Amino acid sequence: MTTSKTIAALLGPTLVASAISLLANLGRSRTIIEGLSQSPALIMIAGYAAFVPGLAIVYFHNRWTNGWPVLVTVMGWLSLIVGLLRMVFPTQLAAMATKIAPAAAGVFPVVAVVFLLIGGFLSFKAYGRE
């Protein structure tokens, strides 16, 4: 299995599971975001949880070529950047979460659909026959 398929095999199902989690908790999205806004430490820990896999993906798979593997690279860089922002600016992000909590209910389904599409595609590429 290539590096692209290996990472896609991990990232795809993780994104699908995240999408299912977001969809299952649509009614609680405001409560979840309000909880985050009260815990900059949790935001910082979530930053490490995003930064480390993002860094690993970028280190092992920084390929800017044509085709679907570039999606793996893009997801790695996004994870790395989001993780770094959460680690460096946890209190500022917590304050932002307080302000956006009322509008968050509309964002959760959109994020869930994006995660589901990308995760489904990566899962198909990783586990499908080729």
* Asked: Going by the conditions given, is Gly83 under 30 Å from Thr2 (Cβ atoms), modelled with pLDDT of 95 or more, out of contact with any Ser or Thr (no Cβ under 6 Å at 6 or more places or on another chain) and surrounded by 14 or more Cβ atoms within 10 Å (Cβ to Cβ)?
  -> yes
* To do: For Leu122, state whether it is assigned to a helix (DSSP H, G or I), over 22 Å from Thr2 (Cβ atoms) and of a type in the set (A, V, I, L, M, F, W, C).
  => no
* To do: Kindly check whether there is at least one residue in the stretch 87-95 that is part of a loop (DSSP other than H, G, I, E, B) and of a type outside the set (Lys, Arg).
  => yes
* Output the residues belonging to the stretch 89-130 that are under 15 Å from the mean Cα position of the chain (by Cα), of a type in the set (Gly, Ala, Ser) and surrounded by fewer than 18 Cβ atoms within 10 Å (Cβ to Cβ). => Gly120
* To do: May I ask you to list the residues in the stretch 1-19 that are under 17 Å from the mean Cα position of the chain (by Cα), crowded, with 19+ Cβ neighbours inside 10 Å and of a type in the set (Gly, Ala, Ser)?
  => Ala8, Gly12, Ala19
* Can you tell me which residue in the stretch 20-67 is farthest from Pro109 (Cα to Cα), limited to those that are hydroxyl-bearing (Ser, Thr, Tyr) and surrounded by 15 or more Cβ atoms within 10 Å (Cβ to Cβ)? -> Ser37
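The values are calculated or read from the model by the stated rules, or taken from the named source; none is laboratory data. Model, not experiment: these values are computed from the prediction. Every residue, glycine as well, gets a Cβ built from its backbone with ideal geometry; the counts of neighbours run over all protein chains shown.
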